[in-house]
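Read the structure below first, then the notes.
The values are calculated or read from the model by the stated rules, or taken from the named source; none is laboratory data. Since the model is a prediction, treat every value here as computed from it, not as a measurement. When we count neighbours, we look across all protein chains shown, and the Cβ atoms used for this are built from the backbone with ideal geometry, even at glycine. To get the accessible areas, we keep the full protein, side chains included, count just its heavy atoms, and leave off ligands, DNA and RNA. Shrake-Rupley method; radii C 1.70, N 1.55, O 1.52, S 1.80 Å.
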Amino acid sequence: CPVVLAPKNSSVAMPPPADIVKVAIEWPGAFPKLMEIDQKKPLSSIIKEVCDGWSLANHDQFALQHADSSNFYITEKNRNEIKNGAILRLTTSPAQNAQQLHERIQSSSMDAKLEALKDLANYSRDITFAQEFINLDGISLLTQMVESGTERYQKLQKIMKPCFGDMLSFTLTAFVELMDHGIVSWDTFSVAFIKKIASYVNKFASDISILQRSLAILESMVLNSHDLYQKVAQEITIGQLIPHLQGTDQEIQTYTIAVINALFLKAPDDKRQEMANILAQKQLRSIILTHVIRAQRAINNEMAHQLYVLQVLTFNLLEDRMMTKMDPQDQAQRDIIFELRRIAFDAESEPNNSSGSIEKRKSMYTRDYKKLGFINHVNPAMDFTQTPPGMLALDNMLYFAKHHQDAYIRIVLENSSREDKHECPFGRSSIELTKMLCEILKVGELRKLTC
């Protein structure tokens with residue numbers, strides 16, 4: 001193809017410099033201003049230029065923010081995220097905004113207070129604003145409002161219950177957003193505040209927003225502070241949490257399981273098994289199956305993760321037994337094997353097991369242990385010295401023998417009468433199955449943050 005050269009006097013359009021961003025800037029009551037932002041200039045100079053264009057004094061009291069739903073302030077750190085064609089808004093500076101909201105949420109007018117708390121909940125998502133509001137001791141102000149709120153507005157609850165509920169919801173939302181930035185330590189909160197948040201889990205169970213924020217706060221308290229874990233564990237019980245799994249709101253169910261997981265994770269080792277027993281007594285597994293897994297809706301990613309964490313925490317309680325070898329000299333452990341033999345063969349054994357010579361009894365026991373399917377017929381305790389599955393295999397065998405006695409006896413008798421080449425010995429099979437299940441269920445493995 002022939003090359004076409006531009007005439008000497010013609011101008012060729014050049015791409016704009018990489019540091020220049022074309023944006024529109026809004027100001028209430030004025031037409032948006034189209035301008036080019038030079039990213040090499042200080043942000044304060046750009047804000048002054050914008051203010052001068054609208055004849056606004058005190059440019060240091062203004063800032064730029066994104067005009068989208070985030071309303072995030074533009075700072076020297078994040079200004080490189082501004083894209084060509086972005087719509088920005090000139091607004092009061094984070095410090096000014098924080099000061100104004102700090103005063104507005106203390107208004108004696110209920111309507112003004114409610115509107116201020118709504119704005120605070122929205123602005124608190126922005127770390128730039130959050131830092132300024134926290135510097136004004138804003139977290140303490142919110143916690144004081146929560147601690148005294150129920151008593152102070154006791155009468156209001158009867159005549160303005162929706163207003164009170166919205167106020168509390170926005171207050172808790174702002175608190176959660178501010179704390180999520182990791183600026184303030186969780187160790188600073190009082191027992192009175194913890195008691196109040198824990199009480200909301202029951203008191204405002206019908207108010208989804210208050211319940212959700214309260215559960216989120218409890219989870220964060222437990223995960224971020226050992227002292228707060230102990231205080232929360234005294235205030236909230238599994239019995240209080242279970243009903244929230246039986247509702248239809250998956251977000252509430254997710255936060256509820258998250259709180260259970262947090263309590264489980266931070267519990268001392270000696271308390272975890274006790275907690276697992278309580279969960280079993282409360283039919284947690286059945287409730288999750290019915291109201292979460294088999295509910296007529298898809299399980300979202302966060303719920304799936306929380307269920308995975310719960311599984312890991314509960315399965316890992318088996319690690320200790322899985323890695324414990326049987327002590328052939330431990331009479332209590334040997335008694336479990338005697339119990340397996342008794343349940344299987346008691347009907348056909350002699351009325352008085354102590355009768356006959358020692359040799360005769362030993363011979364009878366050896367015969368029975370062979371029927372039970374142990375490798376070592378003389379001393380079956382030796383079958384449980386390999387880890388994994390260790391004593392966990394024996395635990396499973398005893399549970400099966402006691403809770404499914406008819407099936408246990410049938411399996412043992414059927415296999416003891418088969419030819420050797422067709423046998424499926426109960427003892428050896430149980431040990432291998434337990435080992436296989438431990439591998440499949442990853443017993444003892446650490447939980448992963450993304451699973």
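Quick notes on this one:
- Positions within the range 86-144 being assigned to a helix (DSSP H, G or I), under 25 Å from residue 193 (Cα atoms), among the aliphatic types (A, V, I, L, M) and free of Cβ contacts under 8 Å to residues at least 40 places away in the same chain, in sequence order: 101, 112, 116, 141, 142
- Within the range 107-120, the set of residues being open to solvent by 10 Å² or more (accessible area, probe 1.4 Å), more than 26 Å from residue 24 (Cβ to Cβ) and at pLDDT 95 or above comprises 115, 118.
- Only one of 248, 290 that is assigned to a loop (DSSP other than H, G, I, E, B), β-branched (Val, Ile, Thr) and open to solvent by 40 Å² or more (accessible area, probe 1.4 Å): 248
- Residues within the range 52-74 that are touching a Leu at 6+ places or on another chain (Cβ under 7 Å) and either farther than 11 Å from residue 25 by Cα or part of a helix (DSSP H, G or I) (or both), tallied: 2
- Test result for residue 242, part of a helix (DSSP H, G or I), surrounded by 16 or more Cβ atoms within 10 Å (Cβ to Cβ) and at pLDDT 95 or above: no
- Any hit, the range 297-320, residues being loosely packed, with under 13 Cβ neighbours inside 10 Å and of a type in the set (Val, Ile, Thr): no
- So residue 253, is it modelled with pLDDT under 95, touching a Leu at 6+ places or on another chain (Cβ under 7 Å) and either part of a helix (DSSP H, G or I) or of a type in the set (A, V, I, L, M) (or both): no
- Scope the range 94-150; condition within 31 Å of the chain's Cα centre (by Cα), farther than 20 Å from residue 76 by Cα and small (Gly, Ala, Ser); matching residues: 116, 121, 138, 140, 148, 149
- Pairs where the first residue, in the range 41-53, is in the same structural domain as residue 76 (by the TED database) and in contact (Cβ under 8 Å) with a residue 24 or more places away in the chain and the second is assigned to a helix (DSSP H, G or I) and open to solvent by 20 Å² or more (accessible area, probe 1.4 Å), C-beta under 6 Å, 6+ apart: 47/59; 51/59
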